[in-house]
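Reading through the structure tokens given below for one structure.
The values are calculated or read from the model by the stated rules, or taken from the named source; none is laboratory data. Here the structure is a predicted model, which is why all the values come from computation and not from measurement. Cβ coordinates were reconstructed from backbone atoms using ideal geometry, including for glycine residues, and neighbour counts include every protein chain displayed.
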Amino acid sequence: MLRQQDDLASQHHTWGIDMRSSVYLAVTAIVAAVALTGCTNHANQSTAPQGTNASNLNQPSSGSTAAPMVQLAWSHVGTFFDEPQVWYVARVKNPGKSVASVALNARALDKTGTIIGSSQDDLPNIPGGATFDYFGYLGGGGAFDTDLTGTPAKIQVSQTKNAFGQAGAIELPMLKTSELKFAEGTEDTNTNAPLSYNLTVKVTNSTRDELTGGVTQQVVLYDAAGHVVGGDTGASDNVPDSFPAGMSYREKWTGIPALSKVTRAVYTVWAG
């Protein structure tokens, strides 16, 4: 599917390639609300998260007494290259005072409740008191996608405890983003989504270190009522191989799928 966003601490990142036909990214920065034209109602009554400054997420900590909470905010069974693909947004709330490191389990189920696809992902560090919408997907017919072993009916998400022995201690800081520009496009998303969107954004290395391992990016799209209507995620082709601390680059993302008109985009990018 799609991927990107702009305001969670001004930390989100744009799509640098047609994510559907490439490796999907992983860098967190949320891009602020962007006004577009038109709006449609969506059955899901989710509300978009508010922005939070995350430019200082260099030292994740698991010392908070309040544990993060994970819930499924939105899902859609669609197709990618004519193969079934489930898109979902997991909403993660960090009620604690320190940054949280969260790992997520996602399972696609058929109508009998049997698992037909799954993943386990490390999310970017979430600031204390913040809410983060994570965009993910399972299945699809892309070169790097894993085929589902049945027909998807729904998806389940849950927090993973001590994933890979590291949950709660992984350093995946969100990067600062600004100057997000977003508009409806005409590109084929290779999905069954009726609409396509493009965006550009400025990404700044707000950590204290040079980044050489690439970034992960995502975008979540919302309608005028704050309901999720699309998005995407992946790895960026635009990030410099050597990205010094304090420097910025311009990100470009095209062909982001949407099920209906979008009025706000939240872009997030993180190191990793």
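What to note about this one:
- Sole exception among (1) in contact with a Gly (Cβ under 7 Å, 6 or more places away or on another chain); (2) free of Cβ contacts under 8 Å to residues at least 60 places away in the same chain for Ser118, by number: (1)
- Some residue of region 178-187 being touching a Pro at 6+ places or on another chain (Cβ under 9 Å) and crowded, with 20+ Cβ neighbours inside 10 Å: no
- Wholly enclosed strands (runs of 3 or more DSSP E) of region 134-211 bearing at least 3 residues under 23 Å from Gln71 (Cβ atoms) and at pLDDT 95 or above: 154-160
- Test for Val89: is it modelled with pLDDT under 90 and assigned by TED's automatic domain parsing to the domain that holds Pro152: no
- First in region 199-217 and at positive phi, second anywhere and part of a strand (DSSP E or B), Cβ under 7 Å, 6 or more apart: Gly214/Ala235
- For Lys161, the criteria (1) of a type in the set (D, E, K, R); (2) under 30 Å from Asp110 (Cα atoms); (3) outside the structural domain of Ile115 (by TED's automatic domain parsing) hold in every case but one, which is (3).
- Pick from region 214-243, criterion farther than 26 Å from Ser260 by Cα, in contact with a strand residue (DSSP E or B) (Cβ under 7 Å, 6 or more places away or on another chain) and not β-branched (Val, Ile, Thr), ranking: surrounded by the most Cβ atoms within 10 Å (Cβ to Cβ): Phe243
- Scanning region 99-117 for residues that are surrounded by 15 or more Cβ atoms within 10 Å (Cβ to Cβ), at pLDDT 90 or above and not hydrophobic (A, V, I, L, M, F, W, C) gives Asn105, Arg107, Asp110, Gly117.
A quick yes/no check of all residues on (1) in contact with a Leu (Cβ under 6 Å, 6 or more places away or on another chain); (2) surrounded by fewer than 17 Cβ atoms within 10 Å (Cβ to Cβ); (3) polar (S, T, N, Q); (4) touching a residue at least 12 places away in the same chain (Cβ under 8 Å):
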| residue | (1), (2), (3), (4) |
| --- | --- |
| Trp74 | no, no, no, yes |
| Gln85 | no, no, yes, yes |
| Lys93 | no, no, no, yes |
| Lys97 | no, yes, no, yes |
